[in-house]
Each structure stands twice: as structure tokens, then as C-alpha cells.
Amino acid sequence: MTRGKRVPPLELEGAQQQAALQALGRFLDDRFELELGSFEVQEVLDLISREIAPHYYNKAISDVQAVLSDRFASIESDLWALEKS
């Protein structure tokens, strides 16, 4: 997935981390009736950050590369149109 480099897990900043923990805890309780403690919810979030989030991150990077590639091709085409003969 990372072309030979070991990338550290994705991490959220303070308020984002707390919001994610609260949302995940509520989801697990509402959907599966699992009332987990903060340590357990943190473990689930760590698993998601380590094992799942990188796939979404890489997909986002790939999507941006495709958009930029199309945009650069368009710019190149515009530049060729401006070339004087």
C-alpha cells in the first residue's frame, strides 16, 4: 500500500479525536447496544486509524492525482493553443 515505506497511523488532533471517540461510542451503543468504556472505544478508533483510514487516505490522494492530471492536461492544451507558428 505504501511503496516500501512504513507510514505511521493517521492521527486526529485533540478536539477531532474527542469528537470521533464520542461519535464512535454513540454509534456502537445505538446500533449494537455495546456500552464500551473510553479505553475500549479508543482501541476501536485506533484500529480504524491504523487499518482502515489509510485506504481512504490513499483513495483521496489517487482522486486528487486524477483531477490534477486532467487539469494539467487541459492547461497544456491551452498552452499549445497559444503557441505561435
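Can you work out the PRE-style zone for R71? Point 7 Å along Cα to Cβ, and I want the residues of the stretch 45-65 with backbone N under 16 Å.
60-65
Roughly how tilted is helix 53-82, in degrees to the nearest 10 and between 0 and 90, from the longest Cα axis of the chain?
With rounding to tens, the tilt is 10 degrees.
Which of F27, F39 has the fewest other C-beta atoms within 10 Å, and how do the rest follow up to the most?
F39, F27
Helix 14-32 against the longest principal axis of the chain: what's the angle in degrees, Cα atoms only, rounded to the nearest 10?
So the inclination is approximately 60 degrees.
With a cut-off of at most 16 other beta carbons within 10 Å, and DSSP calling the residue loop, which GluC sites (Glu not before Pro) in the stretch 45-85 qualify? Please list them.
Working: sites: E51, E76, E83; in loops: E83.
Those satisfying the criteria are E83.
As a test of the formula, what do you get for the chain when each DSSP H run with n ≥ 4 contributes -39,500 (n - 2.57) and the sum is divided by the residue count, at 222 nm and rounded to the nearest 500 deg cm²/dmol? Write out the running numbers ahead of the final one.
Working: 3 runs with 59 residues, N = 85.
Value at 222 nm, helices only, nearest 500: -24000 deg cm²/dmol.
Can you compute the radius of gyration and Dmax for the chain, using only the Cα atoms, both in Å?
Rg, Dmax (Cα atoms, Å): 20.9, 73.
Taking Cα atoms, how many degrees apart are the long axis of helix 38-47 and the longest axis of the chain, rounded to 10 and kept between 0 and 90?
In the chain, helix 38-47 runs at an angle near 30 degrees to the longest axis.
Where a number appears in this text, it was derived from the coordinates with a stated rule and is not lab data. Bear in mind the structure is a predicted one, so any value in this text is a computation, not a measurement. As a convention, Cβ positions derive from the backbone with ideal geometry for all residues, glycine included, and neighbour counts pool all protein chains shown.
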